[in-house]
1. Please indicate, with yes or no, whether at least one residue in region 160-177 is away from the ligand (no atom under 16 Å from the Cβ), of a type outside the set (Phe, Trp, Tyr), at pLDDT 90 or above and on the phi > 0 side of the Ramachandran plot.
2. Residues Leu98, Leu40: which one is assigned to a helix (DSSP H, G or I), touching a Lys or Arg at 6+ places or on another chain (Cβ under 7 Å) and surrounded by 10 or more Cβ atoms within 10 Å (Cβ to Cβ)?
3. Of (1) within 16 Å of the ligand (Cβ to nearest atom); (2) in contact with a Cys (Cβ under 9 Å, 6 or more places away or on another chain), Cys227 satisfies all except one. Which?
4. Mind checking whether some residue in region 187-205 is of a type outside the set (Asp, Glu), over 12 Å from the mean Cα position of the chain (by Cα) and away from the ligand (no atom under 16 Å from the Cβ)?
5. Only residues that are under 17 Å from Gln170 (Cβ atoms) and outside any loop (DSSP other than H, G, I, E, B): list them for region 236-249, please.
6. Taking the conditions exactly as written (surrounded by fewer than 17 Cβ atoms within 10 Å (Cβ to Cβ) and within 16 Å of the ligand (Cβ to nearest atom)), does Ala237 satisfy them or not?
Amino acid sequence: MGLFLALALGCLLILAPDALANFLTPKSGGSPNANQIDSLYKIVLYIAAVVFVGVEGALLYSVLKFRAKRGAVAAQIHGNTRLEIGWTVAAGLILVVLTVVTFVKLPSIIDPPNSGSSGLVLSASLTEPTPPNGHRLTVCVQGRQFIWRYTYGSGCLNNAFAGKLPYSYQQMVVPADTTIVLDIQASDVIHSWWVPSLGGKVDAVPGYTTYTWFKAPHPGALYHGQCAQLCGRNHAAMTALVKVVSPADFTAWLNQQQQAIQAANSQVYQLRQILTAENQL
Ligand SMILES: [Cu+2]
């Protein structure tokens, strides 16, 4: 019995979340949906750990307690109805508990919440998955071999390239405490958007639009991500970075980005005119 207790205590120590933060369990802290995924994972993990320790402990106990010398005649035991019904019902109960907990947690993982009071002030829209009050910032995420492109602002879905909406590559900049809805597409092969601290993976499939959301609480945070679907020989280089800034800094950055894009576009336009004129000579 002492051994069993030691094993159980040892396992509990190993599973202490502070000792192994994010080593055995999903990353969290970046967004409410990531936090809910993390806590759901931990509930399943702890129940599984208790079952594991119980089963392995009983096995070890039996092996030691009932060990016999070579040549001993084994006792013949034909089942134990009460015990068998007991562990079948117990296993069934565990499954019911896991199912109920999962369905209770699911809405907080799937449905985006409202932006916080310190978040960016946004206008409402009814055209996309949206938090209860409709206020969210839409960012279109376009996966392509081998980089992520982000277009900012509602309407980016149908107009990501033709419109004058600001965009950036690889690094997404977002305002803190604001519900960010991501409309995810791919322009060549299947990719998968994944920033572990901000929630689960979402596939980017050519011809389809998939959605997810996150809401990062703190300005100054930087979250690393990686394309999670093997998409070609340079797949490993297809990283993503999400930079969280204050709403005021975000607005300033967006304006600056828009000006830089306009300046680059007009340079290209001038260059094209020069080259065209030279060709005509
Ligand atoms: Cu990819």
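The values are calculated or read from the model by the stated rules, or taken from the named source; none is laboratory data. Everything numeric in this text was worked out from a predicted model, so none of it was measured. Every residue, glycine among them, receives a Cβ derived from its backbone with ideal geometry; neighbour counts consider all protein chains shown.
1. Looking for residues that are away from the ligand (no atom under 16 Å from the Cβ), of a type outside the set (Phe, Trp, Tyr), at pLDDT 90 or above and on the phi > 0 side of the Ramachandran plot, one finds at least one in region 160-177, hence yes.
2. Only one candidate passes the filter, namely Leu40.
3. With respect to (1) within 16 Å of the ligand (Cβ to nearest atom); (2) in contact with a Cys (Cβ under 9 Å, 6 or more places away or on another chain), Cys227 is out only on (2).
4. Looking through region 187-205, none of the residues is of a type outside the set (Asp, Glu), over 12 Å from the mean Cα position of the chain (by Cα) and away from the ligand (no atom under 16 Å from the Cβ).
5. Passing the criteria: Ala236, Ala237, Thr239, Ala240, Leu241, Val242, Lys243, Val244, Val245.
6. For Ala237, the condition - surrounded by fewer than 17 Cβ atoms within 10 Å (Cβ to Cβ) and within 16 Å of the ligand (Cβ to nearest atom) - is met.
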